[in-house]
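Visitor: Here it is: the structure, laid out below.
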Amino acid sequence: MAWNFTDMASAEEIIEKIEDGEISNSATAYGLLGEIMNAFPGTWIADKAKALRDNCLLYTSPSPRDYAAS
């Protein structure tokens with residue numbers, strides 16, 4: 001899904017929704033934060049998006065190898 005961020009207010013709204021858990025899918029949040037970073041390079045909103053994205057953990061299913069090791 002591609003968003004067209006036309007102003008920082010819309011980007012800030014998305015960041016607030018991610019922080020509040022309204023956007024709870026990690027992959028969606030990760031993608032949106034990347035789009036905000038690309039739309040507003042060198043700004044405080046891009047820095048905030050980067051900080052959130054750097055702390056975003058994407059869930060991956062355990063591999064069969066992980067099960068075998070346990």
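The values are calculated or read from the model by the stated rules, or taken from the named source; none is laboratory data. No experiment lies behind these values; they were computed from the predicted model shown. Cβ: placed from backbone, ideal geometry, glycine included. Neighbour counts: every protein chain shown.
Visitor: If I ask for residues that are surrounded by 11 or more Cβ atoms within 10 Å (Cβ to Cβ), polar (S, T, N, Q) and either in a helix (DSSP H, G or I) or more than 13 Å from the chain's Cα centre (by Cα) (or both), which ones from the range 1-37 would you list?
Guide: 10, 26, 28 - these are the residues of the range 1-37 that are surrounded by 11 or more Cβ atoms within 10 Å (Cβ to Cβ), polar (S, T, N, Q) and either in a helix (DSSP H, G or I) or more than 13 Å from the chain's Cα centre (by Cα) (or both).
Visitor: Continuing with this model, one more query. List pairs: first residue in the range 35-51 and on the phi > 0 side of the Ramachandran plot, second residue modelled with pLDDT of 95 or more and in a helix (DSSP H, G or I) anywhere in the structure, Cβ distance under 6 angstrom, at least six positions apart or on different chains.
Guide: Every condition considered, no pair remains.
Visitor: Got a sec? Which of 7, 66, 20 is modelled with pLDDT under 80 and acidic (Asp, Glu)?
Guide: Working: 7 fails: modelled with pLDDT under 80; 20 fails: modelled with pLDDT under 80.
After ruling out the rest, the residue left standing is 66.
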